[in-house]
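The values are calculated or read from the model by the stated rules, or taken from the named source; none is laboratory data. What you see is a predicted model; the values in this text were computed from it and never measured. Virtual Cβ from ideal backbone geometry, glycine too; neighbours counted across all protein chains shown. Accessible surface is based on the protein model in full, side chains and every heavy atom, while ligands, DNA and RNA are left aside. Shrake-Rupley method; radii C 1.70, N 1.55, O 1.52, S 1.80 Å.
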Amino acid sequence: GSMTDSPRVRVHQLYGSIPLVERVITGQDGESYPYLEPDPEFRPELPPGAIRGDPSRQSYCSVLHTPKYFYLDEDRECVDCGEAFVFEAKEQRYWYETLQFNLNSVAVRCPRCRGRRRRTAEYGRQVGLAREAVAADPQDPAPYLDLAEGLVRQHQASGAGGLDEAVWASRRAGRLWPGGGGDPEFWEGVAHWLSGRPATAEPLLRRFLSHPASIRRRYRPMVKEAQDLLRLCG
């Protein structure tokens with residue numbers, strides 16, 4: 001924030017003496033009103049570790065706010081997990097100059113918690129679309145698998161996914177797709193494991209791993225996940 005101002009200079013605790021330039025705005029009454037704003041061309045000396053900012057790419061009110069003339073790493077505490085994290089200078093530049101977030105926006109969550117919230121939102125959208133697709137074509141197994149996957153991943157990310165619905169969707173897909181790729185057994189097995197039923201999950205995960213399709217490349221992450229869960233079951 002500002003410390004002291006003179007008519008043509010704003011003294012800032014980070015940027016030093018910022019020259020002010022006069023602008024003129026025309027009001028709704030047709031009158032011209034002059035005002036002063038921080039010079040967007042000002043280039044203060046960079047402290048160690050700073051990244052130069054470009055005010056022309058930033059979204060801010062030039063009357064109320066000071067542009068980001070440079071960025072420095074900022075130490076913060078996550079509002080979700082309470083862990084300390086660094087809001088890095090390069091990430092700040094991406095926020096304010098690429099995404100053009102308002103300068104009032106700051107990172108209040110660590111990258112891990114931000115990623116979890118983002119994934120939760122993505123899986124929520126997947127669940128919503130899958131439910132619509134199930135309603136549109138109840139005989140197609142694919143939307144049931146999408147629904148089971150979305151609910152399981154949503155639960156893993158946030159604890160909010162409906163695991164009983166995931167079990168139902170997996171079984172429905174299995175009935176509509178007998179001898180399919182093993183996906184129904186995998187998602188039902190993971191849903192049971194997350195529900196605290198490892199004895200029910202174990203045979204389902206083993207059936208998935210013994211399915212001929214499990215050797216395909218696209219199943220590799222699921223195979224590893226199933227193997228990891230079986231080790232925990234055992």
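Mind checking the log10 I(q)/I(0) for the range 15-138 at q = 0.10, 0.12, 0.13, 0.16 Å⁻¹? Debye, one equal scatterer per Cα, no solvent, two decimals.
Results for the range 15-138 at q = 0.10, 0.12, 0.13, 0.16 Å⁻¹ read -0.51, -0.66, -0.72, -0.89.
Could you state the accessible area per residue of the chain in Å², with a 1.4 Å probe and every protein chain left in place? Mind showing how you got there, number by number?
Values: 13560 Å² over 234 residues.
Accessible area per residue, the chain: 58 Å².
If Ser56, Ser158 are ordered by their accessible area, calculated over protein heavy atoms with a 1.4 Å probe, which sequence runs from highest to lowest? Could the numbers behind the result be given before it?
Numbers: Ser56 95, Ser158 60 Å².
Reading off the accessible areas and sorting them downward yields Ser56, Ser158.
Quote the FRET efficiency, to the nearest 0.05, computed for Trp177 versus Asp80 with a Förster distance R0 of 30 Å and r equal to the Cβ-Cβ distance.
0.20
Against the longest principal axis of the chain, how steep is helix 111-136, in degrees 0 to 90 to the nearest 10, with axes from Cα atoms?
For 111-136 against the chain, the angle is about 50 degrees.
If you roll a 1.4 Å probe over the range 140-234 with all protein chains in place, what percent of the accessible area is carbon or sulfur? Present the calculation step by step, with values, prior to reporting the outcome.
On the way: 2440 of 4670 Å².
Accessible surface attributable to carbon and sulfur in the range 140-234 totals 52 percent.
Leaving ligands, DNA and RNA out of it, rank Trp177, Trp187, Trp168, Trp95 by accessible area with a 1.4 Å probe, largest first.
Working: Trp177 90, Trp187 10, Trp168 120, Trp95 35 Å².
Accessible-area ranking of Trp177, Trp187, Trp168, Trp95, largest first: Trp168, Trp177, Trp95, Trp187.
Taking the Cα centre of the range 143-232 as the origin, how large is its charge dipole in debye, to the nearest 20, when only Lys and Arg (+1) and Asp and Glu (-1) carry charge on their Cβ atoms? Intermediate results must be reported in sequence, preceding the final value.
Working: 13 positive and 10 negative charges, 72 e Å.
Roughly 340 debye for the range 143-232.
Just to check I understand the Karplus step: with θ = phi - 60° and J = 6.51 cos²θ - 1.76 cosθ + 1.60, what whole-Hz values come out for the range 35-42, glycine and proline as x?
Per residue, the Karplus-derived 3J(HN,Hα) values read 8, 10, 9, x, 5, x, 8, 4 Hz.
If N is the number of residues in the chain, what value comes out of its Cα radius of gyration divided by 2.2 N^0.38 Å?
Working: Rg = 27.2 Å, N = 234, 2.2 N^0.38 = 17.5 Å.
Scaled against compact globular proteins, the figure is 1.56.
Normalised by the residues of the chain, what does the relative contact order come to in percent, with Cα pairs under 8 Å and at least six apart?
Working: 340 pairs, mean separation 21.0, N = 234.
For the chain, the relative contact order is 9 percent.
I'd like the per residue volume of the convex hull spanned by the Cα atoms of the range 131-234, given in cubic angstrom.
Details: hull volume 9.6 nm³, N = 104.
Cα convex hull per residue, to the nearest whole number: 92 Å³.
Step by step: find N for the range 105-161, compute 2.2 N^0.38 Å, then divide the Cα radius of gyration by it. What's the final number? Let's see the in-between values first.
On the way: Rg = 13.7 Å, N = 57, 2.2 N^0.38 = 10.2 Å.
The range 105-161 yields a ratio of 1.34.
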